[in-house]
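None of the figures in this text is laboratory data; all of them are computed from the coordinates on show. None of the values given here were measured: they were computed from a predicted structure. Cβ coordinates were reconstructed from backbone atoms using ideal geometry, including for glycine residues, and neighbour counts include every protein chain displayed.
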Amino acid sequence: MDVDALRRALENTDLKQYEAAAYLTLIEHGELAAVDVSSKSDIPTSQVYDTLRSLEQQGLVETIDGERLRAKPRDPEAMLEKLRSRGSLLTNAADALEDRWEEPDYDDHRVGVVKRPETVYEHTRDRLNEAKLTAEFTMSFEQLELLLPELKDAADRGVFVRIHLYAEPDLREKAAALGLDDTDLHIRVGTIPGPFLSIIDRHSLFFTPNTRADEDYGVLINDYILSFITHWYFVSCQWHMWDPLFDVDVSWTQYDSLEEFMRDTVPLFDDGAEIDVEVHGNYIQSREDCVVHGRLTGAFYPSRFGNDRKQLALEDLSSYATVYLDTGEEVLSVGSWGAVYEDVEAHRIKIESIEFPFDAATSGDRVGWP
């Protein structure tokens, strides 16, 4: 390192310009008269005495009074420690600055854009570790492998995890080799490759483009409305129209979408079934979390009356959908994501039982599930 660079480094330890020049001069030459320090360092004579006194107060030099003021440097151990600690501080600051540039703080940003897809996976992994209710994914098998430990842990905690996998050769065999045929992960397969997408607990949304994108990037979103819009894309385009990866995964007892629950159960209710459910959600007025158990007593959607079709479609339920549950103490109205007028907003719905009270073929015995 040349002299100018070393002097700038000393100035970065909070030494003033003249102090750094005087100190470096004494380190190089040893004990000197003040006037010699001035001549060798280009410090004005009128400033050199105050400069040396200041260095002495900082414990860096020792001055000797006599006919002429003299100064000599002290052991530079303190300065070396300061330089090294400052170097470590600056290195750490550089690393932190780079991290903030690459990975904006997700919690403080409604929308953040990052340069590396890996950053999105890291944030997804962190949110999965905190997930409580639901997680929806579209991803490749390689991306699934990256997140598999966190996905399994979330499912084991009771999080309802749905995964749309992009098809690839030998997908079922590779998935079975990872034990995915015996987990609580619900997996379906689509034939059209697309982006990585994740929606966790209705607020956290993560996205990276597919391999056909012009450049790599990722998007981190912390927003209820944008997550809701993307959830509908997931349900309508990535879930209900595709088949399960494994036949044993034909699960229809749990839902994170009231519309999907109604699509499957309202026709049964209309045929006389008694349907008992457990709803995880929150009360609309207080916003407090709740778990409600009750029997389905009614359902409403815009085309409910005047629609002769037995089979419901998601589009029938996309604008307004409500069910009514008798808890034994009261009848509660339950709405979907973003509910405003109902008593409860449903986050998770679990079917506890379905029974048809009377069946002619069994002489009036009750039949049903489970």
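Quick rundown of the values:
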item: Residue with peak Gaussian network fluctuation, the chain [Cα springs, cutoff 10 Å], from 317, 144, 32; result: 32
item: GluC sites (Glu not before Pro) restricted to region 172-274 and DSSP loop, no more than 11 other C-beta within 10 Å; result: 215
item: Listed residues 255, 301, 121, most fluctuating in the chain (Gaussian network, C-alpha, under 10 Å); result: 301
item: Amide H contacts of residue 290 (H built 1.01 Å from N, under 5 Å, at least 5 apart or other chain); result: 281, 282, 283
item: Mean separation of Cα contacts under 8 Å, 6 or more apart, over the residue count of the chain: relative contact order %; result: 11
item: Gyration tensor verdict on region 254-369 (Cα atoms; rounded if a/c is under 1.5, prolate if a/b is larger than b/c, oblate otherwise); result: oblate
item: Translational diffusion of the chain, µm² s⁻¹ [Kirkwood Rh, Cα pairs; Stokes-Einstein; 10 °C; 1.306 mPa s]; result: 61
item: Proxy reagent accessibility, fewest Cβ within 10 Å first, across 45, 183, 297, 208; result: 45, 297, 183, 208
